[in-house]
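Participant: This is the structure I want to talk about, given as structure tokens.
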Amino acid sequence: MHSIIYGFIGAGKLILTINAELLSIILLSLRVSGAALVIAALLGLPLGAALAWRRVPLRGLVISLINTGMGLPPVVAGLFLYLLLSRSGPLGSLGLLYTPTAMVMVQAILACPIVASLSHAAIVRVDPVIRQAAITLGATPLQEVLTVIREARYGIMAGVMAGLGRAMAEVGAVIIVGGNIAGYTRVMTTTIALETDKGDFELAIALGLILLLISFGINLGLRFFQRLGRVRAGIILWD
Amino acid sequence: MGLNLEVARIVKSYNGKAILQGCSFGFENGLTYALLGPNGSGKSTFLRIAALLEPPDAGEVRYRDHGVALPHDLALRRRITLLLPRIGVFNTSVFHNVAYGLKIRGQSRQEIEDRVNDVLVRVGLVHKRRQNGLDLSSGETRRLGIARALVIDPEVCCLDEPTANLDPKNSDIIEEIIFSMKTAGKSTIIVVTHDSAQARRLGDHLLVMENGRIAPL
């Protein structure tokens, strides 16, 4: 019991004094997960839209693969990326193993199916009459697609947020390809795992609280944006 | 001047059931046609084909300008519009719903502002311009749909039951808007309606859809 209490007190001190180590870990986590999310969104959103729009070949198979990817065990993703990036692997010459870039890659691999699948689901849920209305008003095929995507924006945003959640919460795969090197590839989740192993709870609890706070902030932001978008969507999203 | 529409021997079936069976008619520019007929007679299908929203199984839809046949391309589609029975309101403000047709045509911000405001005044929705289009009543939603069509100055305007299930007040407002379009004489208007009194009030020509064919009444 004492260790928990002292852990929280120590964590509070670390947070209030803006500990340099704590700050660098948080910033690296945000940088890695942010970059992973951008890549996942750039790949996942067009993929989800394409699957919703066209009768692409093997569409059913691709959707099944994406859905499988949503449940991909992170350590398996980490293992395969490790094999690709290790010195004897096909991408070994790039020297990316145990770098933040490798961590971005594995997080993007894990987040991409979530973004693609939830974007796809959001786009197919859009009432078909929206597309017809766009055509009757003179939309080009591209404008038609963009109009439908815009109507699905809240569902897509929810998918992106879910992708960010998965990326930020990742531990196993990040340790495998990042190596958890202090000051270089050590992020919040891997630090929590390491410090807990060591029985040093102060930093672990501090990072845990900050992770929770970030998650809460993302959700608050999403809710705020959705409410604002619902009332004044035109003014914010169309200009 | 303006578009002339001619449909020739249009055939359309859904799930093996023939809806239009060799439907032919010529629509002159600037006139208003009221199309009557029972449910399921193919009126809406005809409008969708005439507005180039879907192709017929057989037959031809011909648009001519000064006697010259026009290809069914984007330029032609942008001279035609169809008000669907379900409007398909975009999840955005009333203003931006109406502005949509102008934005996709690359009009300037000032032009959009001016024209949208003019049209919103005409349909009585200017006080709701900042409100989300999804929050409008059914009558207002229908007026929003008409506003979206009006703002792009269509040369052929197809209206599929524009006053169906509306209260008399909203129905009158919409009839007045259609009547003002008719008086302006810039558009060929084809109105599908179940109300024969309304058809007589609005139409220069009354048509009926029977057995998958259009005939003058």
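Participant: Tell me, please, whether a residue that is surrounded by fewer than 19 Cβ atoms within 10 Å (Cβ to Cβ), in contact with a Gly (Cβ under 7 Å, 6 or more places away or on another chain) and within 25 Å of B:L53 (Cα to Cα) can be found in the stretch B:162-169. Quick ask: steps written out before the conclusion?
Facilitator: Applying the first criterion (surrounded by fewer than 19 Cβ atoms within 10 Å (Cβ to Cβ)) to the stretch B:162-169 yields B:164-165, B:167-169.
Filter once more, so that each one left must be in contact with a Gly (Cβ under 7 Å, 6 or more places away or on another chain): B:167.
Now restrict to residues that are within 25 Å of B:L53 (Cα to Cα): none.
Checked against the condition, which is being surrounded by fewer than 19 Cβ atoms within 10 Å (Cβ to Cβ), in contact with a Gly (Cβ under 7 Å, 6 or more places away or on another chain) and within 25 Å of B:L53 (Cα to Cα), the stretch B:162-169 yields no hits at all.
Participant: Moving on to the next point. Among the residues of the stretch A:128-146, how many are in contact (Cβ under 8 Å) with a residue 12 or more places away in the chain, surrounded by fewer than 22 Cβ atoms within 10 Å (Cβ to Cβ) and either closer than 15 Å to A:A40 by Cβ or within 11 Å of chain B (Cβ to nearest Cβ) (or both)?
Facilitator: 3
Participant: Filter the stretch B:8-20 for residues that are over 26 Å from A:G138 (Cβ atoms) and among the basic types (K, R); which is nearest to the other protein chains (Cβ to nearest Cβ)?
Facilitator: By that ranking, first place goes to B:K17.
Participant: Answer yes if at least one residue in the stretch A:159-181 is among the charged types (D, E, K, R) and farther than 19 Å from A:I218 by Cβ, and no otherwise.
Facilitator: Within the stretch A:159-181, none of the residues are among the charged types (D, E, K, R) and farther than 19 Å from A:I218 by Cβ.
Participant: Hey, A:I66 hits all of (1) within 22 Å of the chain's Cα centre (by Cα); (2) in contact (Cβ under 8 Å) with a residue 60 or more places away in the chain but one; which does it fall short on?
Facilitator: Single failed check for A:I66: (2).
Participant: Answer yes or no as to whether B:L134 is more than 11 Å from chain A (Cβ to nearest Cβ), among the aliphatic types (A, V, I, L, M), without any contact (Cβ under 8 Å) to a residue 60 or more places away in the chain and assigned to a helix (DSSP H, G or I). Lay out the reasoning, then the answer.
Facilitator: On the way: more than 11 Å from chain A (Cβ to nearest Cβ): no; among the aliphatic types (A, V, I, L, M): yes; without any contact (Cβ under 8 Å) to a residue 60 or more places away in the chain: yes; assigned to a helix (DSSP H, G or I): yes.
Considered against the rule, which asks whether it is more than 11 Å from chain A (Cβ to nearest Cβ), among the aliphatic types (A, V, I, L, M), without any contact (Cβ under 8 Å) to a residue 60 or more places away in the chain and assigned to a helix (DSSP H, G or I), B:L134 comes out as no.
Participant: Mind counting the residues in the stretch A:81-93 that are modelled with pLDDT under 95 and in a helix (DSSP H, G or I)?
Facilitator: The total comes to 2.
Participant: For the stretch B:99-151, which residues satisfy the criterion of being within 25 Å of A:L142 (Cβ to Cβ) and in contact with a Pro (Cβ under 7 Å, 6 or more places away or on another chain)?
Facilitator: Scanning the stretch B:99-151 gives no hits.
Participant: Which of (1) modelled with pLDDT of 90 or more; (2) among the aliphatic types (A, V, I, L, M); (3) surrounded by fewer than 21 Cβ atoms within 10 Å (Cβ to Cβ) is the odd one out, the single condition A:A122 does not satisfy?
Facilitator: So A:A122 meets the others, but not (3).
The values are calculated or read from the model by the stated rules, or taken from the named source; none is laboratory data. Model, not experiment: these values are computed from the prediction. No Cβ is skipped: glycine too gets one built from the backbone with ideal geometry, and neighbour counts run over all protein chains shown.
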